[in-house]
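Novice: Here it is, the structure, as structure tokens.
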Amino acid sequence: MKKIITSLPFQLVLGLAAGILAGQISGETIMNGVVSVKYVLGQLIHFCVPLIVIGFIAPSITGLEKNASRILGAAVLCAYISSVLAAFLSMGAGYILISRLSAASSAGGLRELPEAVFQLDIPQIMPVMSALVS
């Protein structure tokens, strides 16, 4: 039982349920604060991603010995092919499955999130693609 409680999927589901319950109970003033914190944390994450790429991935690539360009090229080709294949498979699944669903939209009964009271724009040092190329 202890292993189930300490497992990450269980903790994620528990946190999700707690967030849904807190969102239903809390008032608009609390939700204004939550939306503001969400916005600032999102900006901080977008700021850190290129730095993480440069800090961890670039040294790993430069640490490769001979045949590094061949290994890097194979990895890029594999990533590109898997991305294109995933896009086509999801498109096919969407055309096949979504057209057969008869579920009515229930989004009309949901509450709207309030506007963020406080917004702090943190621009990225560079875009993620520039960090990957460098």
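Novice: Go through segment 44-60 and give me each residue that's surrounded by 13 or more Cβ atoms within 10 Å (Cβ to Cβ), of a type in the set (Gly, Ala, Ser) and free of Cβ contacts under 8 Å to residues at least 24 places away in the same chain.
Specialist: Within segment 44-60, none qualify.
Novice: So if I check each of Lys3, Lys38, which one is among the basic types (Lys, Arg) and under 22 Å from the mean Cα position of the chain (by Cα)?
Specialist: Lys38
Novice: Specify which of the listed residues (Leu41, Leu21, Leu113) is open to solvent by 90 Å² or more (accessible area, probe 1.4 Å) and modelled with pLDDT of 90 or more.
Specialist: Leu41
Novice: Looking at segment 116-130, which of its residues are at pLDDT below 75 and either over 14 Å from Ile45 (Cβ atoms) or open to solvent by 100 Å² or more (accessible area, probe 1.4 Å) (or both)?
Specialist: Those that are at pLDDT below 75 and either over 14 Å from Ile45 (Cβ atoms) or open to solvent by 100 Å² or more (accessible area, probe 1.4 Å) (or both): Met129, Ser130.
Novice: Restricting attention to segment 79-86, does a residue exist that is in a helix (DSSP H, G or I) and surrounded by 11 or more Cβ atoms within 10 Å (Cβ to Cβ)?
Specialist: The answer is no, given that none of the residues of segment 79-86 is in a helix (DSSP H, G or I) and surrounded by 11 or more Cβ atoms within 10 Å (Cβ to Cβ).
Novice: Something else about it: With at pLDDT below 85 and not hydrophobic (A, V, I, L, M, F, W, C) as the only criterion, which of Ser82, Ser69, Ser90 stands out?
Specialist: Of Ser82, Ser69, Ser90, the one residue that is at pLDDT below 85 and not hydrophobic (A, V, I, L, M, F, W, C) is Ser69.
The values are calculated or read from the model by the stated rules, or taken from the named source; none is laboratory data. Bear in mind the structure is a predicted one, so any value in this text is a computation, not a measurement. For neighbour counting, all protein chains shown are included, and Cβ atoms are generated from backbone atoms with ideal geometry for every residue, glycine included. Each accessible area value is taken on the protein alone, full model and side chains, heavy atoms only, with ligands, DNA and RNA left out. Shrake-Rupley method; radii C 1.70, N 1.55, O 1.52, S 1.80 Å.
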